[in-house]
């Protein structure tokens, strides 16, 4: 990645890029997933998952600060050698390309289920790709400014859920606390730790951060913002629905919005979803940027824009040729959970330990 003042990210942009990458579908899916594993104690698992993600954030900043002045790709080559390092970076590029694809799939699926049931997914994806290319080709600073805009533009959306509690709210749904012991809570923590996945994009954003001394606090703030919104939405859903109903409701947040009625407005969930598509874009646009820029760095004869176009064409080709049936989506959902688990929960910890040992053996100036 080329660095320079024109590509620098402010602290706010750095924070909101990480937050946007984390917040793709968590608000829409997470309460149901927590209830399915831990019942009414799922909110405790979310707090534990947030604590673990803070450790992951520290591990990421430790490695990047230890070799400040180098990009993540250069660090990988230093750790594992030229060819293995490039192969590892290529793996990251492919994973982020897949993350962008899956985020687009989720966005298209939501539109299909809640608004336009008979319109093929590739129609939506094609329409989304035009603004994606226009923005992503401008580089990381433009994407950072866009993340700032989206955050403040849809900041009030989650708080609309409070209106649903006027019709139904029962704090007894939380009781008894730890009714099945710590087992389900810990099991849900392992599965839901990936709710904060996206934090690892800091590996690629760190070289652009203007004030790197504030990187650790910035990544903590980004994680705290994401944790607050996820916990807020989870608690509202738990107050509104019984644990049994929550377990079988695939999109509890959108279902909850159906219970909110205004004299001047119908189908609030459609308006919510339309605006929430902006949040989806703050996930797949940075992911596409990381994938395209990494491919450009590995294969120097391919420019960033050509790599970006190629990725968009391939993703659209998959939507065009592969029927996105329920079976395919369930298979991809399972695969994505495994990908997120290793990419977020395992890889940063491995690089943290490996980087510390490598630095001790090889020596060098720690930052």
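If a/c stays under 1.5 just call it rounded; otherwise compare a/b with b/c (prolate if a/b is bigger, oblate if not). Do that for region 110-206, with a ≥ b ≥ c from the square roots of the Cα gyration tensor eigenvalues.
Values: a/c = 2.03, a/b = 1.54, b/c = 1.32.
It is prolate, given that a/c is not under 1.5 and a/b is the larger ratio.
Give me the orientation-averaged projected area of the Cα convex hull of the chain, in nm², one decimal. Before the final figure, lay out the partial values.
On the way: hull surface 75.5 nm².
Its average projected convex-hull area is 18.9 nm².
Pairing the Cα long axis of helix 26-38 with the longest principal axis of the chain, what angle in degrees results, from 0 to 90 and rounded to the nearest 10?
70
Calculate how large, on average over all directions, the projected area of the Cα convex hull of region 191-266 is; give the answer in nm² to one decimal.
Details: hull surface 32.0 nm².
Averaging across all directions leaves 8.0 nm² for the Cα convex hull.
Using the Cα atoms of region 32-156 to build a convex hull, what is its mean projected area in square nanometres?
Numbers: hull surface 46.6 nm².
Projected over every direction and averaged, the Cα hull of region 32-156 covers 11.7 nm².
Mean separation of Cα pairs under 8 Å and 6+ residues apart, divided by the residue count of region 5-344: what relative contact order is that in percent? Walk me through the numbers on the way to the answer.
Working: 432 pairs, mean separation 136.6, N = 340.
The value is 40 percent.
Helix 268-298 versus the longest principal axis of the chain: what is the Cα-based angle in degrees, 0 to 90, to the nearest 10?
Once rounded, the angle reads 20 degrees.
Roughly what angle does helix 215-240 make with the longest principal axis of the chain, taking Cα atoms, 0 to 90 degrees, to the nearest 10?
20
Using alpha carbons only, how many angstrom separate the centre of region 222-279 from the centre of region 126-189?
With region 222-279 and region 126-189 each reduced to a Cα centre, they are spaced 9 Å.
Throughout, read-outs are computed from the coordinates displayed, never taken from laboratory work. Computed from a predicted model, the values in this text were never measured in an experiment.
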